[in-house]
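*Asks:* Before anything else, here's the structure in question.
The values are calculated or read from the model by the stated rules, or taken from the named source; none is laboratory data. Quantities reported herein were computed from a predicted structural model and do not represent experimental measurements. Glycine gets a Cβ as well: all are built from the backbone with ideal geometry, and neighbour counts include every protein chain shown. With ligands, DNA and RNA removed, areas are computed over all heavy atoms of the protein, side chains included. Shrake-Rupley method; radii C 1.70, N 1.55, O 1.52, S 1.80 Å.
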Amino acid sequence: KIALNCGIYDVGSIITEDEMCDWYVPSCIQKNIAISFFNILDYMTKDFPETYLMLSVNDLLAKHTAPMKKKLEEFSIPFVYREFGQDEPADGHVFHLNMRSENGKWVNQEEMEFFVKPN
């Protein structure tokens with residue numbers, strides 16, 4: 001099982017490989033390794049693990065969750081999909097790390113239950 005929270009799964013849609021190396025892996029000694037994570041969607045197969053996929057509607061990166069959801073559906077990979085923040089504008093990017101956020105508390109509890117639930 002895997003949990004994907006507030007992510008970008010198609011990095012190539014927003015930056016180039018060189019920009020990613022400059023920003024994320026400044027030395028780019030491991031450029032080939034870094035590039036392999038550039039667009040995870042290209043590497044997905046039917047063997048991708050059962051997934052908990054969530055986002056906040058208030059996150060500027062929220063639109064990047066749709067391609068992952070589509071790929072999970074395409075491969076018939078079991079997944080839980082959740083959107084948060086509809087009534088909580090403060091719940092933005094990685095809101096689940098804010099333990100003062102009620103939605104953050106809720107999503108963390110649900111993710112834990114997802115991992116302990118038998119397949």
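*Asks:* Within the bounds of region 38-49, is there any residue that is within 15 Å of residue 3 (Cβ to Cβ), surrounded by 14 or more Cβ atoms within 10 Å (Cβ to Cβ) and modelled with pLDDT under 90?
*Replies:* yes
*Asks:* What number of residues in region 42-92 are among the β-branched types (Val, Ile, Thr) and in a loop (DSSP other than H, G, I, E, B)?
*Replies:* Going through region 42-92, the residues among the β-branched types (Val, Ile, Thr) turn out to be 45, 51, 57, 65, 77, 80.
Going one step further and asking which of them are in a loop (DSSP other than H, G, I, E, B), we end up with 45, 57, 77.
Residues flagged as among the β-branched types (Val, Ile, Thr) and in a loop (DSSP other than H, G, I, E, B) within region 42-92 amount to 3.
*Asks:* Still on this structure, I have one more. Given 56, 76, which one is modelled with pLDDT under 95 and not acidic (Asp, Glu)?
*Replies:* On the way: 76 fails: modelled with pLDDT under 95.
On inspection, the qualifying residue turns out to be 56.
*Asks:* Within region 11-22, identify whether any single residue is at pLDDT 80 or above, within 15 Å of the chain's Cα centre (by Cα) and either charged (D, E, K, R) or in a helix (DSSP H, G or I) (or both), and answer yes or no. Steps first, please.
*Replies:* Let us first name the residues in region 11-22 that are at pLDDT 80 or above, namely none.
No, region 11-22 has no match at all.
*Asks:* Among the residues of region 106-118, which ones are open to solvent by 40 Å² or more (accessible area, probe 1.4 Å) and either farther than 14 Å from residue 55 by Cα or acidic (Asp, Glu) (or both)?
*Replies:* Taking region 106-118 and keeping what is open to solvent by 40 Å² or more (accessible area, probe 1.4 Å), we get 106, 108-109, 112-113, 115-118.
109, 112, 113, 115, 116, 117, 118 - these are the residues of region 106-118 that are open to solvent by 40 Å² or more (accessible area, probe 1.4 Å) and either farther than 14 Å from residue 55 by Cα or acidic (Asp, Glu) (or both).
*Asks:* Quick one: in region 50-103, of everything that is of a type outside the set (S, T, N, Q) and at positive phi, which residue is most open to solvent (accessible area, probe 1.4 Å)?
*Replies:* The extreme case among them is 94.
*Asks:* If residue 100 satisfies every condition in (1) over 20 Å from residue 1 (Cβ atoms); (2) modelled with pLDDT of 90 or more but one, which is the exception?
*Replies:* Result: residue 100 passes all but (2).
*Asks:* What pairs can you find where one residue is in region 60-72 and in contact (Cβ under 8 Å) with a residue 12 or more places away in the chain and over 16 Å from residue 49 (Cα atoms), the other is open to solvent by 50 Å² or more (accessible area, probe 1.4 Å) and assigned to a helix (DSSP H, G or I), and their Cβ atoms are less than 9 Å apart, with a gap of 6+ or different chains?
*Replies:* Sorted first by the residue in region 60-72, then by its partner, the pairs are 64/13; 67/13.
*Asks:* Follow-up question, since we're still on this one. Mind checking whether some residue in region 85-92 is at pLDDT 90 or above and over 12 Å from the mean Cα position of the chain (by Cα)? Walk me through it before giving the result.
*Replies:* Narrowing region 85-92 to residues at pLDDT 90 or above: none.
Within region 85-92 (the criterion being at pLDDT 90 or above and over 12 Å from the mean Cα position of the chain (by Cα)), the answer is no, since none of the residues qualifies.
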